[in-house]
Amino acid sequence: MLSMALHLRDQEMSLRDTAKRLVITTGAKKGQHPSPATVMRVLREHDEQTANAAST
């Protein structure tokens, strides 16, 4: 899900549009679409990990 979210962000899609295109692949919510807040959290966590890796 992260790789597709990053791809859609590169295409400057809104969080709502991104959430509509993504599908949860594992867990209890398998097959459902994530909320825009979940997409934002996933992208933010990725950006923080990337920034921490670059600073070390």
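The values are calculated or read from the model by the stated rules, or taken from the named source; none is laboratory data. These numbers come from a predicted model, not from an experiment. Glycine gets a Cβ as well: all are built from the backbone with ideal geometry, and neighbour counts include every protein chain shown. Note: accessible area is taken over every heavy atom of the protein model, side chains too, but ligands, DNA and RNA are not part of it. Shrake-Rupley method; radii C 1.70, N 1.55, O 1.52, S 1.80 Å.
Key figures for this structure:
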quantity: Positive-end residue, the chain charge dipole about Cα centroid, Cβ charges, pick of 22, 56, 46; calculated: 22
quantity: Net charge contributed by nearby residues that have their C-beta within less than 12 Å of residue 35 (K/R +1, D/E -1); calculated: +4
quantity: Electrostatic dipole magnitude of the chain [Cβ: Lys, Arg +1; Asp, Glu -1; Cα centre; debye, to 20]; calculated: 340 debye
quantity: Simple label model, 7 Å out from Cα along Cβ direction - residue 44 to residue 25, nm; calculated: 2.5 nm
quantity: Computed FRET value (nearest 0.05) for residue 4 with residue 56, which takes r as the C-beta separation and R₀ as 35 Å; calculated: 0.80
quantity: With all protein chains modelled, accessible area of residue 21 [1.4 Å, Å²]; calculated: 150 Å²
quantity: Whole-percent carbon and sulfur share, accessible surface of the chain, 1.4 Å; calculated: 52 percent
quantity: Helix 36-55 axis, angle to the chain major axis (alpha carbon atoms, nearest 10°); calculated: 20 degrees
quantity: Percentage relative contact order, the chain, counting C-alpha pairs under 8 Å, at least six apart; calculated: 31 percent
quantity: Per residue value of the accessible surface for the chain (all protein chains in place, 1.4 Å probe), Å²; calculated: 76 Å²
